[in-house]
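This report concerns only the one structure given below.
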Amino acid sequence: MEIIDGKALSQKVKDEVKAEVEKLTAKGLPAPMLACIIVEGNSASEIYVANKQKACKACGIESVVIKLKNDVSQEELLKQIDKLNKDKKVSGILLQLPLPKQLNEDEAINRIDRHKDVDCLTRENLGAMFSSHHDIVPCTASGILRMLKDNNIEIVGKRAVVIGRSLLVGRSVATLLMEENATVTICHRHTKNLDKVTKEADILVVAIGNPKYITKKYIKKGAVVIDVGINRTENGICGDVDFENVKKLCRYITPVPGGVGPMTVSCLMENTLILHKTHNI
Ligand code: NAD
């Protein structure tokens with residue numbers, strides 16, 4: 001069994017981004033800038049945004065955070081997005097989710113200029129991804145693929161099972177695995193006999209948001225298990241996979257924390273750089 005070190009790989013990705021940014025600035029070109037919009041009141045979101053700002057600093061990417069009050073109106077939120085869309089210095093816009101109930105998430109996401117949509121969540125960018133015409137893909141999905149490739153894990157012809165069908169994670173990673181010629185099954189809340197399906201997986205990606213849900217009975221011996229879950233429990237942060245229970249069965253497994261999470265942040269840096277180079281300079 002090997003543990004995939006997401007922290008070390010994410011540092012490598014950040015180093016690559018930093019080197020590229022330095023090349024640009026050495027030529028007198030502007031550095032990329034990431035703008036994060038956050039609506040106050042969600043402590044997890046505050047931590048995520050702080051981590052993203054830290055990563056920007058480490059990569060030489062400029063960052064700005066727009067903090068909105070918890071009772072902000074939809075109109076005000078859209079106004080802020082429009083302002084960032086027009087701002088030539090801004091290469092990427094990230095709307096930290098989830099939003100409070102009074103706000104229309106779908107409308108806000110789709111207001112972001114697709115050339116600044118670093119999370120790749122607008123309908124236009126998702127459409128581009130699903131039709132294999134993408135500049136960028138959602139950060140978590142791209143981080144997972146990078147983890148597989150960096151460890152020389154074969155994907156072609158393998159059975160991949162993804163549990164979770166959110167646009168941001170499940171469906172995106174399933175699409176990329178299919179593009180890499182895996183045979184992919186997507187499971188969700190209504191899947192019957194989940195363990196029978198997952199027991200066939202050479203590569204199992206779990207993104208459900210349920211602490212330690214996946215135990216031995218779901219794992220095929222020798223599988224590669226990618227745990228996307230981030231669950232805050234009384235005993236700290238844990239994934240959707242019961243790591244201690246399943247690890248001996250796996251060929252590779254990602255830990256939580258220190259697995260997919262840091263890769264997501266580094267791939268966000270990469271996406272910001274790609275959008276900057278492709279559309280903003
Ligand atoms: P979501 O709530 O949008 O989707 C969860 C999906 O899991 C749904 O499709 C649902 O049908 C499925 N599901 C839930 N319970 C299930 C069950 N018992 N059996 C089968 N399917 C089930 O969540 P999301 O945004 O995709 O996030 C999933 C998890 O990944 C969360 O813990 C989230 O915090 C985490 N996450 C981590 C990162 C990262 O960088 N590591 C990024 C995004 C999300």
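Taken together, the values in this text are just the output of simple stated rules run on the coordinates, not laboratory data. Values in this document were obtained by computation on a predicted structure and should not be read as measured data. All Cβ positions, even for glycine, are placed from backbone atoms using ideal geometry, and neighbour counts span all protein chains on display.
What the table shows:
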| read-out | value |
| --- | --- |
| Cα gyration tensor category, rounded, prolate or oblate, for segment 129-191 with a/c compared to 1.5 | oblate |
| Cα-projected label distance for Ile281 with Thr183, points at 7 Å along beta-carbon direction, nm | 4.5 nm |
| Cβ-placed point charges (K, R +1; D, E -1), dipole of the chain about Cα centre in debye, nearest 20 | 480 debye |
| For segment 1-150: relative contact order, % (alpha-carbon pairs under 8 angstrom, 6 or more apart) | 22 percent |
| Spatially proximal aspartates and glutamates relative to Lys212 (Cα-Cα < 12 Å; intrachain offsets below 8 disregarded) | Asp227, Asp240, Asp242, Glu244 |
| Residues whose placed amide H lies under 5 Å from that of Leu94, excluding near-sequence neighbours | Ala35, Cys36, Ile37 |
| Top of Ala207, Ala174, Ala19 by mean-square fluctuation, Gaussian network on the chain, Cα under 10 Å | Ala19 |
| Exposure proxy ranking, count of Cβ atoms within 10 Å, fewest first, for Leu249, Leu94 | Leu249, Leu94 |
| Of all DSSP beta bridges in the chain, antiparallel share, percent nearest 5 | 10 percent |
| Simple Cβ-charge dipole of segment 186-281, Lys/Arg +1 and Asp/Glu -1, about Cα centre, in debye nearest 20 | 380 debye |
| Beta bridges per DSSP with both ends in segment 166-264, % antiparallel, nearest 5 | 30 percent |
| ³J(HN,Hα) computed for each position of segment 267-274 - Karplus, 6.51 cos²θ - 1.76 cosθ + 1.60, integer Hz, glycine/proline x | 6, 5, 4, 4, 4, 4, 5, 4 |
| Acute angle (nearest 10 degrees) that the helix 6-26 long axis makes with the longest principal axis of the chain, alpha-carbon atoms | 30 degrees |
| Scattering curve values for segment 182-248, log₁₀ I(q)/I(0), Debye with Cα scatterers, q = 0.11, 0.17 Å⁻¹ | -0.24, -0.57 |
| Charge-dipole axis of segment 16-74 as Lys and Arg at +1 and Asp and Glu at -1 on Cβ define it, positive-most pick from Leu34, Gln74, Tyr48 | Leu34 |
| Environment charge at Asn42 (Cβ cut-off 15 Å; Lys +1, Arg +1, Asp -1, Glu -1) | +1 |
| Neighbourhood net charge (10 Å Cβ-Cβ; Lys/Arg +1, Asp/Glu -1) for Gly164 | +2 |
| Charge tally in the Cβ shell below 10 Å around Pro255, where Lys, Arg are +1 and Asp, Glu are -1, Pro255 excluded | 0 |
| Neighbour cut-off at most 12 other Cβ (10 Å), DSSP loop, trypsin sites (Lys or Arg not before Pro), segment 184-280 | Arg189, Lys192, Lys221 |
| Leading residue at positive end of dipole, the chain (Cβ point charges), from Cys267, Val64, Val90 | Cys267 |
| Cα convex hull of segment 92-154, projected area averaged across orientations, nm² | 5.2 nm² |
| For the chain, Cys with no neighbouring Cys Cβ under 4.7 Å | Cys36, Cys56, Cys59, Cys120, Cys187, Cys238, Cys250 |
| Residue pairs, from the table Lys12/Lys220; Lys52/Lys116; Lys12/Lys196; Lys18/Lys88; Lys54/Lys216, whose Cα atoms sit over 27 Å apart | Lys12/Lys220; Lys12/Lys196; Lys54/Lys216 |
| Assigned charges on the beta-carbon of Lys, Arg, Asp, Glu; segment 114-166 dipole about Cα centre (debye) | 160 debye |
| HN-Hα J in Hz across segment 139-152 - Karplus 6.51, -1.76, 1.60, θ = phi - 60°, x for Gly and Pro | 4, 5, 4, 5, x, 5, 4, 5, 4, 5, 5, 5, 9, 6 |
